[in-house]
There are 2 protein chains.
Amino acid sequence: MPVTSWHADHAWLGDAPASDVLITADRGRFTSVTPGVPRPPHAERLRGLTLPGLANAHSHAFHRALRGRTHAGRGTFWTWREQMYAVADRLTPARYLDLARAVFAEMALAGVTCVGEFHYLHHGPGGKPYDDPNEMGTALAEAAAQAGIRITLLDTCYLTASVGGDPLDGPALRFGDGSAAAWAARVSTFNVDPHARLGAAVHSVRAVPPSQMPEIVAWADRHDAPLHVHLSEQRAENEATLAAHGRTPTALLHDAGALGPRTTVVHATHLTSADVGMLGSTRTHACFCPTTERDLGDGIGPAADLAAAGAPLCVGSDSHAVIDLLEEARAVELHERLRTEQRGHFGPPFLVRAATSHTALGWDDAGSITPGARADLVTVTLDSPRTAGIDPAGLIFAATAADVTDVVVDGARIVQDGRHLRIDVARELREAIACLS
Amino acid sequence: MPVTSWHADHAWLGDAPASDVLITADRGRFTSVTPGVPRPPHAERLRGLTLPGLANAHSHAFHRALRGRTHAGRGTFWTWREQMYAVADRLTPARYLDLARAVFAEMALAGVTCVGEFHYLHHGPGGKPYDDPNEMGTALAEAAAQAGIRITLLDTCYLTASVGGDPLDGPALRFGDGSAAAWAARVSTFNVDPHARLGAAVHSVRAVPPSQMPEIVAWADRHDAPLHVHLSEQRAENEATLAAHGRTPTALLHDAGALGPRTTVVHATHLTSADVGMLGSTRTHACFCPTTERDLGDGIGPAADLAAAGAPLCVGSDSHAVIDLLEEARAVELHERLRTEQRGHFGPPFLVRAATSHTALGWDDAGSITPGARADLVTVTLDSPRTAGIDPAGLIFAATAADVTDVVVDGARIVQDGRHLRIDVARELREAIACLS
């Protein structure tokens, strides 16, 4: 790959936009970043404001099939989950490749250059392993490659149906490996290409008994891999955990050695102040998924308290009711405003960091426009009805996924003028979802 | 204007989408609506799902200049208001025409066919009336005409700076008419074109003493005009009103005879159950502005309680942090989910009605695709990354303003393929806002 040069009208450098930024890259890495210079003839102009690549820290790709389809009648998180299981039950590796390729391409159009796929649909109907027991995960990694983005495949251990240890049944049989040891044995045979890396996930304290957690933590330690876990999205999880174990889910994870700077807890909605202290003092990441948390009626988590306690924040589109990381990031602030009736908990620099930080996904060399970093660029127009007339410094409060015009991943262009260069995203989404109805 | 025919792949008829809908109009009114028929050659195809025109029931056009510019540092509604006053102070009739024309054109692109402009910036610097004392209002009506949409100009009475009756000062001098009688005298000389109608507004219980309200109510009664009022957006307003009058703001309005089916209370965030009962039993409309209410940290109002009590709901983009009525409508449901941790308070039929009902704005002949109604059509693509693969019945939970492709107002096309036919919206927004910086 030859040296490539771009010239951005505005680019987000450090914690603020700079103007007239000449950016060069070689073999997928930035080699120079120079603000305040005119555009040389060979450099491609990037109009608008160019951000680092966005990291979608929490995704379940197949949930996209449910968008707009779960709003008839009343219900809760738990009734929604029944609908989600019904879709899971219809997936095969080939269908999931098609669906995930389209969903990851939708993410690319929204400026996502790396996705953390929290993957638990491992096995065939009834829980029968495929000939290659990692066939589903391989399909997801391949889908990301075809869509042009990087992936952290968070291979998820899922063992029980409740905090009390009820066995899996129905569609959930497809999630289970039987034991953490069997999970580790399977994952250890899983090889991925360089655009992907493996991580571990404990589905939740509902799905993994405390006795099984250390094996998963040890695997992540051995592989220097990210470890993710759903945490306290619903009050019922907290109540069942207190009843069964006399501790909160956060305390249970803490006691199992599962918290720390390589760990990300997802949602973290219903926490005690002691929970917040444990997550902060261990420098555990907290991944907020505000558009899902409002869709599912989860509630509003204590984002400002977590950040103040020392927990880095990141964001994810989770159920894909919406795929728009700009909206996720600003919603962290806007939900906090609804909760506290005060403004200004997190300013644009913090929110842009939350949307672009790749550390929760284990890519320490991505997420900033600096020499040596992976050459990911996301250009957002300042010329749409939404962004016209704004101060570029406030972009995160005004732009949407529809305003992303150009995306470069590892030095390679994948989106141009709002179109994916390889994939007809709408057609593939429509066809992949029709196969599941 | 000749008979026009459209053929919609899907059109929202009553409370659900129908397919293959032939729609004809003559002189700005629908003449026939026929689902389930093939497209005749002369009928223009509307791809996607075509909705009735969207009614933006609460707007302050000039607030658009603040989008993305108020998020540095901490603060509250009240500190934000200082920034808003500073913009107001720089407006002249000519500048406001230019800005409002661009903002109303942004609304048109988002599918808004009628706006309720809550207008209180009446006078020149220091409160000196213009030679035509309705020059500012005339500029707003003209701006809507140029942007191609209808307007209900809610001419606002604004007399005092606090519940205690403190006099206006600084930029707020430009809002004041001195007395309700002087307000009524001014408004009675205001003539508007047929694309516009006049309504009245009591700014709030902060700005209009109870003794002055009956005059405004009487004016609205005499003219069969809508009456709007900001209500209980902030707890401080409630506390001050209780201290000064021993009643809630809702009770104060009720006692002044200001509630009823022609009245719309805007925000209605912090209500007692007695307030909810008064609003419901009087069939007063409640206008929620969720994207503003989260931006300003107002909190979450009791939407489901109000609807259950009998108050019709409508929505508005208010401060224009976001102009997207589809987002406003679904956010009524999504905020209620955050508040209650339950799903399914309002389904798509209710939310589409909230976004399309024109009754709060006094246009009883608009907001549905039925013979005799005003020929307003808003086509939303089902072929974007956001909407591909959804069930059209769930559109309100998936589409954004960016997915609006075509808009017809009173039988005339104003937006085609996502472009305003008369106005370069981004350029005009940029230029009009630059003049105010």
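For A:Ala434, the distances from its label point to the matching points in the remaining copies are 4.7 nm, ordered from shortest, with each point set 7 Å beyond Cα toward Cβ.
The angle between the Cα long axis of helix A:77-88 and the longest principal axis of the Cα atoms of chain A comes to about 80 degrees, rounded to the nearest 10.
Taking the label point 7 Å along Cα→Cβ, A:Asp20 and its counterparts in the other copies are spaced 6.1 nm apart, in ascending order. Of all the options B:Asp383, B:Asp26, B:Asp275, the one that moves most in a Gaussian network model of chain B with Cα springs shorter than 10 angstrom is B:Asp383. Note on region A:21-69: with neighbouring protein chains present and a 1.4 Å probe, carbon and sulfur make up 52 percent of its accessible heavy-atom surface.
Rounded to the nearest 10 degrees, the angle from helix A:213-222 to the longest Cα principal axis of chain A is 40 degrees.
Shielding of A:293-300 by partners, i.e. mean partner chain Cβ atoms within 10 Å per residue? Walk me through the numbers on the way to the answer.
On the way: counts 3, 8, 7, 4, 12, 3, 5, 4.
Neighbouring Cβ atoms belonging to other protein chains average 6 per residue here.
DSSP beta bridges in the protein assembly as shown, what fraction antiparallel, as a percent rounded to 5?
Details: 59 of 133 bridges.
Bridges in the protein assembly as shown are about 45 percent antiparallel.
Using the beta-carbon distance between B:His42 and B:Arg283 and R0 = 51 Å, what value does 1/(1 + (r/R0)^6) give for FRET efficiency, to the nearest 0.05? With R0 = 51 Å, the Cβ-Cβ based efficiency is 0.70. Closest approach of any chain A Cβ to the axis that rotates A onto B belongs to A:Ala402, 2, distance given in whole Å. The figure for A:Lys128 is an accessible area of roughly 140 square angstrom, using a 1.4 Å probe on the protein chains alone. Here, the protein assembly as shown has an Rg and a Dmax of 27.4, 84 Å when only alpha carbons are counted. DSSP loop trypsin sites (Lys or Arg not before Pro) in region A:255-307 with at most 16 other Cβ atoms within 10 Å of their Cβ, which ones? Here the sparse-neighbourhood loop sites are A:Arg283.
For region B:88-221, which whole-number percentage of the solvent-accessible area (1.4 Å probe, protein heavy atoms only) is attributable to carbon and sulfur atoms? Each step should come with its number before you reach the end.
Working: 2140 of 4050 Å².
Carbon and sulfur atoms account for 53 percent of the accessible area of region B:88-221.
Pairs of Cα atoms nearer than 8 Å and 6+ residues apart set the relative contact order; for chain A it is 21 percent. Once the partner protein chains are put back, region A:311-356 shows a loss of at least 30 square angstrom of accessible area, versus the chain by itself, at A:Leu334, A:Arg337, A:Leu338, A:Glu341, A:Gln342, A:Arg343, A:Gly344 (probe 1.4 Å, ligands and nucleic acids excluded).
Accessible area per residue, 1.4 Å probe, Å², for chain A: what's the number?
Details: 13940 Å² over 437 residues.
I get 32 Å² per residue for this part.
Placing R0 at 56 angstrom, the Cβ-Cβ distance between A:Thr92 and B:Thr34 gives a FRET efficiency of 0.85 after rounding to 0.05. Backbone geometry of region A:112-127 corresponds, through the Karplus equation with coefficients 6.51, -1.76 and 1.60 at θ = phi - 60°, to 3J(HN,Hα) couplings of 7, 9, 8, 10, x, 9, 7, 10, 10, 8, 8, 10, x, x, x, x Hz, x marking Gly and Pro.
Largest GNM mean-square fluctuation among B:Pro194, B:Pro171, B:Pro348, using chain B with Cα springs under 10 Å: B:Pro194.
Considering only DSSP beta bridges with both partners in region B:54-361, what is the antiparallel share in %, to the nearest 5?
Working: 1 of 33 bridges.
Taking every DSSP beta bridge with both residues in region B:54-361, the antiparallel ones total about 5 percent.
With the simple model of a label 7 Å out from the Cα in the direction of the Cβ, A:Leu242 to A:Asp193 spans 4.9 nm. Per residue, chain A reaches -9000 deg cm²/dmol at 222 nm when only DSSP H runs of four or more residues are counted, each adding -39500 (n - 2.57).
The H on the amide N of B:Gly199, modeled in the peptide plane, is under 5 Å from the matching H of B:Leu153, B:Leu154, B:Asp155, each at least 5 residues off or on a different chain.
Just the number: Rg to Rh for region B:54-361, Cα atoms, Kirkwood Rh, two decimals. Mind dumping the intermediate values first?
On the way: Rg = 17.7 Å, Rh = 19.1 Å.
Taking Rg over the Kirkwood Rh, I get 0.93.
Each copy carries a label point for B:Pro129 at 7 Å from Cα along the beta-carbon vector; from one copy to the others these points are 8.7 nm apart, nearest first. Computed from the alpha carbon positions, the gyration tensor of region A:213-253 leads to an equivalent ellipsoid with semi-axes of 25, 11, 6 Å, biggest first. For region A:363-407, a reduction of at least 50 Å² in accessible area between the chain on its own and the assembled protein chains (probe 1.4 Å) is found at A:Pro385, A:Arg386, A:Ala388, A:Gly389, A:Phe397.
If one puts a single equal scatterer on every Cα of region A:306-396 and applies the Debye formula without solvent, what log₁₀ I(q)/I(0) results at q = 0.12 Å⁻¹? For region A:306-396, the Cα-only Debye profile gives -0.44.
If each residue of separation counts as 0.36 nm, what is the full-extension length gain between B:Asp166 and B:His223 once their alpha-carbon separation is subtracted? Kindly include the intermediate steps, with their values, before the conclusion.
Values: separation 57, 0.36 × 57 = 20.52 nm, distance 3.03 nm.
Answer, rounded to one decimal: 17.5 nm.
In square angstrom and rounded to 100, what buried accessible area do you get between chains A and B, total over both, with the probe at 1.4 Å? Working shown, then result.
Details: alone 16230 and 16210 Å², together 27860 Å².
Chains A and B together bury approximately 4600 Å².
A Förster radius of 25 Å combined with the Cβ-Cβ distance from B:Thr79 to B:Ala434 puts the calculated FRET efficiency at roughly 0.55. Between the residues B:Pro302, B:Tyr158, B:Asn238, the greatest Cα displacement towards the positive end of the dipole of region B:54-361, with unit charges on the Cβ of Lys, Arg, Asp and Glu, is found for B:Pro302. GNM on chain B, alpha-carbon springs under 10 angstrom: the most fluctuating residue among B:Ser319, B:Ser281, B:Ser204 is B:Ser281.
The values are calculated or read from the model by the stated rules, or taken from the named source; none is laboratory data. As the structure is a computational prediction, the values presented were derived from the model and not from experiment. Cβ coordinates were reconstructed from backbone atoms using ideal geometry, including for glycine residues, and neighbour counts include every protein chain displayed. Calculation scope for accessible area: heavy atoms of the full protein, side chains included, ligands and nucleic acids excluded. Shrake-Rupley method; radii C 1.70, N 1.55, O 1.52, S 1.80 Å.
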